[in-house]
1. For segment 303-410, what is Rg from Cα atoms divided by 2.2 N^0.38 Å, rounded to two decimals?
2. Using a 10 angstrom cutoff on alpha carbons, build the Gaussian network for the chain and name the most mobile of THR361, THR70, THR192.
3. Hey, can you list the DSSP H helices of the chain whose Cα span along the axis is 30 Å or longer and whose average Kyte-Doolittle score is at least -1.0?
4. Taking the mean number of other Cβ atoms within 10 Å as a proxy for protection, how do you rank 342-348, 308-314 from highest to lowest?
5. Given the convex hull of the Cα atoms of segment 153-259, what is a quarter of its surface area in nm²?
6. Give the Debye-formula value of log10 I(q)/I(0) at each listed q (0.10, 0.11, 0.12, 0.14 Å⁻¹), with one equal scatterer per alpha carbon of the chain, two decimals each.
7. Of the options LEU210, GLN285, SER268, report the single residue whose Cα projects farthest towards the positive end of the charge dipole of segment 183-292 (beta-carbon charges: Lys, Arg +1; Asp, Glu -1).
8. Say we join alpha carbon atoms closer than 10 Å with springs in a Gaussian network model of the chain; which of ILE233, ILE111, ILE184 then has the biggest fluctuation?
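Readers should treat all values here as calculations from the given coordinates under stated rules, not as data from a laboratory. Bear in mind the structure is a predicted one, so any value in this text is a computation, not a measurement. Note that each Cβ is placed from the backbone with ideal geometry, even for glycine, and that neighbours are counted across all protein chains shown.
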Amino acid sequence: MPTKPTALRPARSTWGAATAVLFAALSTLAACGGTGTDADAAAEQAVLVAQGRQTFRHDTFGDEAHWTDTLRMHEVIASAVDPLTALSVGLKVDADALPAEVAAGIQNGSIDLRSTATTVALLKLNAVVGVKGTVETLNGVDRLTRVGITCALCHSTVDNSFAPGIGRRLDGWANRDLNPGAIIALSPALDTATKAALRGWGVGKFDPRLNVDGLSKPVVIPPAFGLDGIHRITVTGDGDDIAYWNRYVAVVEMGGLGTFSDPRLNLSVTHGAQDLVSAKLPALQAYQLSLKAPTPPAGSFDAAAAARGKLVFEGIGQCASCHSGAHFTDANQRLHPLNDSMAEPESPSYASRSATRQYRTPPLKGIWQHAPYFHDGSAATLEDVVRIYNTKRSLGLDSQQVSDVAQYLKSL
Ligand code: HEC
Ligand code: HEC
């Protein structure tokens with residue numbers, strides 16, 4: 001979908017009142033934190049992280065220009081997307097944003113989840129994760145006038161504590177239930193061929209390069225956690241820090257107002273006359289770096305098998321020659337040629353569409369959370385991953401060793 005430059009609009013404030021109070025408190029702390037410079041630095045960092053969280057969850061960077069003015073998603077949502085439909089394409093509802101009477105109404109069935117008016121009401125409450133709606137009330141009737149997306153759409157899910165798809169936010173967790181292609185294909189502004197290509201992407205996948213080269217081969221949505229200390233960002237290590245890619249996504253993919261350019265991609269994109277992206281990047285990066293990879297749920301792996309698997313991983317499996325160090329990656333030292341990816345050869349090759357034309361060894365902490373595996377999602381389970389390595393790299397592991405390595409991966 002092409003993102004076209006759009007007219008200038010005033011920035012909308014996205015700071016919630018509660019967060020504003022928190023900032024004020026933290027800023028005061030930062031300003032008069034006494035003599036301890038460590039305390040000052042920690043307070044400043046806390047302010048930055050809190051701002052970044054707000055941006056990650058709620059900021060559209062003015063991308064309504066794309067999702068509303070160009071794709072007209074507000075029309076489709078208001079006319080055809082009831083909450084059950086929204087949940088079925090992987091959208092999530094933030095239970096903490098639901099007032100008690102709404103939560104009760106959903107539970108006792110008095111709120112109709114088959115009505116698009118309920119979707120509009122949820123957007124008005126800012127309860128749909130990663131989707132920001134502007135709702136105007138005229139003669140007592142709510143109307144959805146603008147819609148935009150945020151980072152949380154793809155990189156957050158919920159814990160299902162209220163109901164499937166409704167719960168507390170889990171920021172940084174890849175939303176592998178989300179079907180971005182199916183959602184974007186609802187746009188009345190797209191032609192039939194584009195819609196067919198988008199519908200072919202499948203669940204949990206998105207092609208962040210389609211806008212640039214017009215090719216369509218999606219990659220799985222990765223987590224945004226566990227990246228502190230890793231200085232090659234994305235599957236192909238295009239950027240040295242998260243801010244590089246955050247700028248790319250905010251401008252080129254989401255259609256936010258600002259500028260991205262990279263001579264390696266022969267790419268220079270500007271949306272709007274105003275920059276709603278640059279000033280937010282330091283805080284956004286600080287927030288993402290604060291997100292730790294989640295530890296595996298209790299009882300989710302066999303500890304004895306995992307201990308045996310660790311020896312294979314570090315020994316005859318040769319995994320640690322690339323998945324090395326505390327983050328299980330050599331990303332800070334080197335990138336890898338195409339055939340080091342077990343998903344290659346593929347057509348078109350994802351790496352060949354990137355700035356580096358190589359692959360990064362991905363970090364493995366929290367890997368249990370985000371099946372399927374490899375950038376194209378071609379390995380459904382961690383057992384499949386090890387089986388594929390065993391065959392393609394002729395490791396000669398027996399089935400017990402394959403299973404032990406998979407248990408080890410589940411324990412990371
Ligand atoms: C429509 C879905 C979508 C949205 C919205 C989105 N991303 Fe992503 N993100 C992806 C996909 C797909 C990739 C994988 C691309 C790659 O690695 O080449 C990715 C990769 C990343 C990575 C790299 C992770 C790693 O392991 O190096 C980071 C960081 C990231 N996104 C942050 C963000 C931020 C911040 C925003 C908001 C400004 C955002 N994303 C919005 C889909 C999305
Ligand atoms: C030559 C370097 C190298 C070796 C050796 C290697 N890997 Fe990898 N690994 C990579 C690269 C590069 C990728 C990314 C491939 C892709 O996404 O296309 C990857 C991807 C993975 C993934 C998927 C990560 C994700 O986020 O989807 C897992 C799991 C994994 N490797 C485990 C292993 C195990 C287990 C071994 C040993 C049997 C191993 N690797 C050996 C470089 C290596």
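1. Numbers: Rg = 13.6 Å, N = 108, 2.2 N^0.38 = 13.0 Å.
Rounded to two decimals, the normalised Rg is 1.05.
2. THR192
3. Working: long enough: 37-58 (31 Å, -0.42).
Taking the DSSP H segments of the chain (at least 30 Å long, mean hydropathy at least -1.0), we get 37-58.
4. Numbers: 342-348: 14.4, 308-314: 19.4.
Final packing ranking: 308-314, 342-348.
5. Values: hull surface 31.8 nm².
Reported value for the Cα convex hull: 7.9 nm².
6. Rounded to two decimals, the profile gives -0.73, -0.89, -1.05, -1.37.
7. With unit charges placed on the Cβ atoms, the residue in question is LEU210.
8. Judging by the Gaussian network model, the answer is ILE111.
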